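All remarks here apply to the structure that follows.
The values are calculated or read from the model by the stated rules, or taken from the named source; none is laboratory data. The model shown is predicted, which means the values in this text are computed figures rather than measured ones. In this analysis, Cβ positions are derived from the backbone assuming ideal geometry, glycine residues included, and neighbour counts consider all displayed protein chains. Calculation scope for accessible area: heavy atoms of the full protein, side chains included, ligands and nucleic acids excluded. Shrake-Rupley method; radii C 1.70, N 1.55, O 1.52, S 1.80 Å.
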Amino acid sequence: MVKPDHIRRSSCPVSCALDILGDRWTLLVIRDIIFKQKRHFGDFLTSPEKIASNILSDRLKKLEDCDIVLRRPDPANARRIIYTLTEKGFDLVPAILELLRWGVKHDPASDAHENLIQRLEQDRAGLMAEIRSSLSTV
């Protein structure tokens, strides 16, 4: 859920989704959790897009406030924080896979994900189960 003090531009579902996900960084943070198994604040800072720490902090807080990301102590080191997707966050996986497919189709330089796209087209349910399993091992 969006914070109560957030004013929506409209009741259009696309607009509502963009209110949460429509900035330059939020989907990349979610991408890193899903595909790169990034869990700690410092892990996200190593992404090639070079997100600034203040922006990352803001996006993680926003995702937590919207119940997309769960913030909790790392079981291996309670002084560190670990970020994982909630069930609501996992519901974004199909949309992100479709964005990935679209990006590969329309950007010839993005063929590095060809195997993932083939898996998506051949065994979507298996791929989703594998992603869910990888996210739940934390």
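Annotations for the structure displayed:
- Surface analysis of the chain yields an accessible area of 61 Å² per residue, using protein heavy atoms and a 1.4 Å probe.
- The simple Förster model, with R0 at 22 Å and r as the Cβ-Cβ distance, assigns ARG132 and LEU99 a FRET efficiency of 0.75.
- Springs join every pair of Cα atoms under 10 Å in this Gaussian network model of the chain, and among ARG79, ARG101, ARG71 the largest mean-square fluctuation is at ARG79.
- Just the protein heavy atoms count here, and of the accessible area of the chain at 1.4 Å, carbon and sulfur take up 56 percent.
- The stretch 41-83: translational diffusion in µm²/s, Stokes-Einstein, Kirkwood Rh over Cα pairs, 25 °C, 0.890 mPa s: 221
- Per-residue extension of 0.36 nm, minus the Cα-Cα distance of ASP65 and GLN122, leaves a gain of 17.0 nm for this segment.
- Summed over qualifying helices (DSSP H, 4 residues or more, each -39500 (n - 2.57)) and divided by its residue number, the chain shows a 222 nm mean residue ellipticity of -16000 deg cm²/dmol.
- Distant-in-sequence amide H partners of LEU85 (H built 1.01 Å from N, under 5 Å): LEU70
- Note on the chain: with charges restricted to the Cβ of Lys and Arg (+1) and Asp and Glu (-1), its dipole about the Cα centre is near 400 debye.
- With q set to 0.20, 0.29 Å⁻¹, the log10 of I(q)/I(0) for the stretch 65-105, from the Debye formula over equal scatterers at the Cα positions, is -0.68, -0.89.
- Proximal lysines relative to LYS62, as straight alpha-carbon distance under 17 Å, when same-chain residues fewer than 8 apart are discounted: LYS3, LYS88
- Placing a pseudo-label 7 Å from each Cα along the Cα-to-Cβ vector at ARG80 and ASP107 gives an inter-label distance of 2.9 nm.
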